[in-house]
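Single-structure report; data block below.
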Amino acid sequence: MEVTCEVGGESIALSGYDRAKEVEEFDQTKAGVKGLVDAGVVKIPRFFIHPTEKKQEKSSSADGGFHLQVPVIDFQGIETSRRREVVSQIGMAAETWGFFQILNHGVPLNVTEEMLKGVRQFHEQPMELKMELYSRDPAQPVRYYCNGDLHVSGAANWRDSIACDFYDDTMDCKALPLACREAIVQYMNCIFMLRNTLSDLLSEALGLSSNFLAHMECMKSESLVCHYYPACPEPDLTLGTTKHSDPSFLTILLQDKIGGLQVLHQDQWVDVPPIQGALVVNMGDLVQLITNDKFRSVEHRVLAGRIGPRVSAACFFYPSTAKISKPYGPIKEFTSDSDPPIYRETSLCEYLAYYRSKGLDGNSALPYFRL
C-alpha cells in the first residue's frame, strides 16, 4: 500500500506504510504513549509525526509572543468592594483573550496538589490495572485512552488521558479509579463551588443578572479529562495537543509546573506559564455561540517536551442532562437588527457529534454552525 503525506508543501510517497494497521496495532496494546516510553523507544511511530508547517509554528512564541502575557486575575475580595474590578477584568479577558488565570479562587493548594498527584499515580500504575478502563466509547462515564480521535486521519498527539464524566454534578464514586478516587472527589467538590462563582461573575461581565447562566443550566454537567504527557524522545516532530478550541461552555484547567500550554493571540503563540496556586479558565465554543462572538473561544495547544511527564486536569462544563438536546443559539441580549445572529441554533448532542467526527484537525468547529 502506498500513501502520501505533505512535507514542506510537497507530496512525498511513503511506500509500504499502512497507517491504519500501525494505529490499530498500537491501540490494541492499550499501553498508550507511556507504554512506548516504558519500552524505551527512541524514534516515535510515524503516525505521531506532525506536518512540517505544524512543527514550524512552534517557533512563533519565541519569535514574537514573549511580550504578551495571559491575564492573571486575583479573586481576593470578590464579595466586597473589589467585585466590580474583578468583573471588569474577566470581561476584558473573555473578550480579548478567551483565556485567563485566576488566583485566590477558593480551591486549596493541598487539594490541587493531591489532584495532580492522583492523576500521575493513575497513569504510572501497572499497565494491567489501567487496561481494564481502556475504551473509546464516550458513553462510558470513566474511560482511559490514548487520543480520542486516534483512528481519524491525521497526526496523533503525544499524551494519554483518563476521562470521568459527571452528569448533573453527580457520579458513582466507586466507578472512579482507586489510584485517584479520593483526589478527584475532593477536587471536584471544590470545582463545583468555583463553577458557581464563575457563572455569576461571567453573567455580570456580560451585563446580565448574576444568575443568568445558572438559570440556563448550561454548565451543570462536567467532563474531567486528566492528561499525562510523557517525556518525548523527538518532541520537535510531534505535539502534546494539536491546536484546537474547546466544545464546552467553559473549561477550568489545572496544570503542573512543567509548562507547554500555549494560546493563540494576535496570530502568535503565547505561553500560559504555570503559576503556583493558579487555575486556568478559558471560554468554550458554546459560550462564543450564545454570546454572538462577544466572548471568545480561542485556539490553544500543548507542546511536546523532552522533560516530563507533564500532568494536567481539564474540567469541561456542559449543559445538564435534561438540556443536551435543547437548541442553543445567540441570546437575544446580544442580537439586534444591526447585529444579527452569527450562528444557527444547535444542541450539545449535535455540536459534539460534529466535533468528534472531525477530530482535532487544527480547525475550529464553530464555522460549521455559522448562518
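What to note about this one:
- This model, with +1 at the C-beta of Lys and Arg and -1 at the C-beta of Asp and Glu, gives the chain a dipole about its Cα centre of some 300 debye.
- Tilt relative to the chain, helix 348-358 - C-alpha long axis, 0 to 90 degrees, to 10: 30 degrees
- The simple Förster model, with R0 at 41 Å and r as the Cβ-Cβ distance, assigns Asn196 and Ser338 a FRET efficiency of 0.75.
- The GluC sites (Glu not before Pro) of region 118-191 that meet both conditions, a loop assignment by DSSP and at most 15 other Cβ atoms within 10 Å of the site Cβ, are Glu132.
- Relative contact order (%) - the chain, alpha-carbon pairs under 8 angstrom, separation at least six: 19 percent
- Rounded to 5, percent antiparallel among DSSP beta bridges of the chain: 95 percent
- Given the alternatives (1) 30.1; (2) 22.0; (3) 21.4, Kirkwood radius over Cα pairs in Å as computed for this entry is given by (3).
- Extension gain for Glu345-Asn104 works out to 83.1 nm (0.36 nm per residue, less the C-alpha to C-alpha distance).
- The slack in the chain from Cys173 to Met92, taken as 0.36 nm per residue of separation less the alpha-carbon distance, amounts to 25.4 nm.
- Our estimate of slack between Val185 and Asp38, defined as 0.36 nm per intervening residue step minus the Cα-Cα distance, is 50.0 nm.
- Accessible-area ranking of Ile342, Ile324, largest first, probe 1.4 Å: Ile324, Ile342
- Rounded if a/c under 1.5, otherwise prolate or oblate - region 36-182, Cα gyration tensor axes: oblate
- Solvent-accessible heavy-atom area per residue, rounded to whole Å², over region 119-273 at 1.4 Å: 38 Å²
The values are calculated or read from the model by the stated rules, or taken from the named source; none is laboratory data. This one's a predicted model, so the numbers in the text were calculated from it and none came from an experiment. Ideal geometry is used to build each Cβ from the backbone, glycine not excepted, and the neighbour counts take in all protein chains shown. Side chains are part of the model used for accessible areas, which takes the heavy atoms of the whole protein and leaves out ligands, DNA and RNA. Shrake-Rupley method; radii C 1.70, N 1.55, O 1.52, S 1.80 Å.
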